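K.L.:
Sharing a structure, written as structure tokens. Questions coming.
The values are calculated or read from the model by the stated rules, or taken from the named source; none is laboratory data. Everything quoted here is computed from the prediction, not taken from an experiment. FYI the Cβ positions are ideal-geometry reconstructions off the backbone, even for glycines, and counts take in every protein chain you see.
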Amino acid sequence: MIDIKDLRFAYPGSNGALLNVTRLTVEPGEKVMLRGPSGSGKSTLLNLIAGILAPQSGSIRICGEEIATKNDTAARDFRINHIGFIFQDFALLDYLTVKDNILLPYRLNPSLSLNAAVRSRASQLLADLGIAEKSSAFPARLSFGERQRAAIARAMITSPKIILADEPTANLDRANALKTIELILSSAASNNAGLVVVSHDDSLASYFDRVIDIEQFKHV
């Protein structure tokens, strides 16, 4: 599902590597939590797995395919088809309604068919996340928590085989945070998807099969 070998990554101009990952695997259906302090490379690792960033060296195989060598267009299409990414900054488009934001992957990739069943699934996700009444609203009219939940719905609309979540509960109150993490876990389980969640909330650790400290990938 996710198989990383000898990955090394540094931002341009940095004095040393931010990440050195000798080996990291995530199996189908496995739930992994990635934790560490701000700026330690957790979000960077998610972006590498998603093909948004490319490593200086090493291999990142996702669902059997090498994503690190794909060009931007190929990586985007692969990501839309295989990966649900819940971004920490939401990455919602201001000029689209909530429901249109959720359906965006189907408009970006012609290999996905936008049909009545997909539209129904989008409505159900909105209801499950408690924002059904915001379907026709634009992101600027949403609270931070509502934007986060819309981003979660968009990530799950394609029933991806891999779910990457960058602080998915950071802007939610405790009750909604637990409901949200349970929905993400349920979605992952229903598709036997591998799940990698970045979180500062240690109280969520019991929900996961493994908890990985990012510091173990900091050694040169």
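K.L.:
One residue is enough: does the range 21-32 have a residue meeting the conditions charged (D, E, K, R), under 23 Å from Ala189 (Cα atoms) and in contact with a helix residue (DSSP H, G or I) (Cβ under 8 Å, 6 or more places away or on another chain)?
P.N.:
Checked the range 21-32: at least one residue is charged (D, E, K, R), under 23 Å from Ala189 (Cα atoms) and in contact with a helix residue (DSSP H, G or I) (Cβ under 8 Å, 6 or more places away or on another chain).
K.L.:
I would also like to ask the following. Among the residues of the range 171-187 satisfying the criterion of being in contact with a strand residue (DSSP E or B) (Cβ under 9 Å, 6 or more places away or on another chain) and modelled with pLDDT under 90, which is farthest from Gln88 (Cα to Cα)?
P.N.:
Ser187
K.L.:
Among the residues of the range 38-50, what is the count of those that are surrounded by fewer than 16 Cβ atoms within 10 Å (Cβ to Cβ) and polar (S, T, N, Q)?
P.N.:
1
K.L.:
Now for a separate question. Consider Lys70 against the criteria (1) touching a residue at least 40 places away in the same chain (Cβ under 8 Å); (2) in contact with a helix residue (DSSP H, G or I) (Cβ under 7 Å, 6 or more places away or on another chain); (3) in a loop (DSSP other than H, G, I, E, B): it satisfies all of them except one. Which criterion is unmet?
P.N.:
Every listed condition holds for Lys70 apart from (1).
K.L.:
Among the residues of the range 20-53, write down those that are over 24 Å from Ser206 (Cβ atoms) and either over 16 Å from the mean Cα position of the chain (by Cα) or among the hydroxyl-bearing types (Ser, Thr, Tyr) (or both).
P.N.:
Asn20, Val21, Thr22, Arg23, Gly39, Thr44
K.L.:
Here's a follow-up. Mind listing just one residue for me: the one in the range 59-70 that is touching a strand residue (DSSP E or B) at 6+ places or on another chain (Cβ under 8 Å) and either polar (S, T, N, Q) or surrounded by fewer than 18 Cβ atoms within 10 Å (Cβ to Cβ) (or both) and, of those, nearest to Ile163 (Cα to Cα)?
P.N.:
Checking each candidate, the answer is Cys63.
K.L.:
Let me ask something else. With respect to Leu96, is the statement that it is touching a residue at least 24 places away in the same chain (Cβ under 8 Å) and touching a helix residue (DSSP H, G or I) at 6+ places or on another chain (Cβ under 9 Å) true?
P.N.:
So Leu96 passes the test.
K.L.:
Further question on the same structure: Select, from Leu53, Leu142, Leu125, the only residue that is buried (at least 19 other Cβ atoms within 10 Å of the Cβ) and free of Cβ contacts under 8 Å to residues at least 60 places away in the same chain.
P.N.:
The unique qualifying residue is Leu125.
Let's see how each residue does on (1) among the hydrophobic types (A, V, I, L, M, F, W, C); (2) closer than 24 Å to Pro28 by Cβ; (3) touching a Gly at 6+ places or on another chain (Cβ under 6 Å):
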residue: Asn47; (1), (2), (3): no, yes, no
residue: Ser59; (1), (2), (3): no, yes, no
residue: Glu66; (1), (2), (3): no, yes, no
residue: Ile83; (1), (2), (3): yes, yes, no
residue: Phe90; (1), (2), (3): yes, no, no
residue: Asp94; (1), (2), (3): no, no, no
residue: Leu104; (1), (2), (3): yes, no, no
residue: Arg107; (1), (2), (3): no, no, no
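K.L.:
Among the residues of the range 9-34, write down those that are in a strand (DSSP E or B) and crowded, with 16+ Cβ neighbours inside 10 Å.
P.N.:
Residues satisfying the conditions are Phe9, Leu19, Asn20, Val21, Leu24, Val26, Lys31, Val32, Met33, Leu34.
K.L.:
Restricting to the range 10-52, give me the number of residues that are more than 23 Å from Pro168 (Cβ to Cβ) and either among the basic types (Lys, Arg) or modelled with pLDDT of 90 or more (or both).
P.N.:
3
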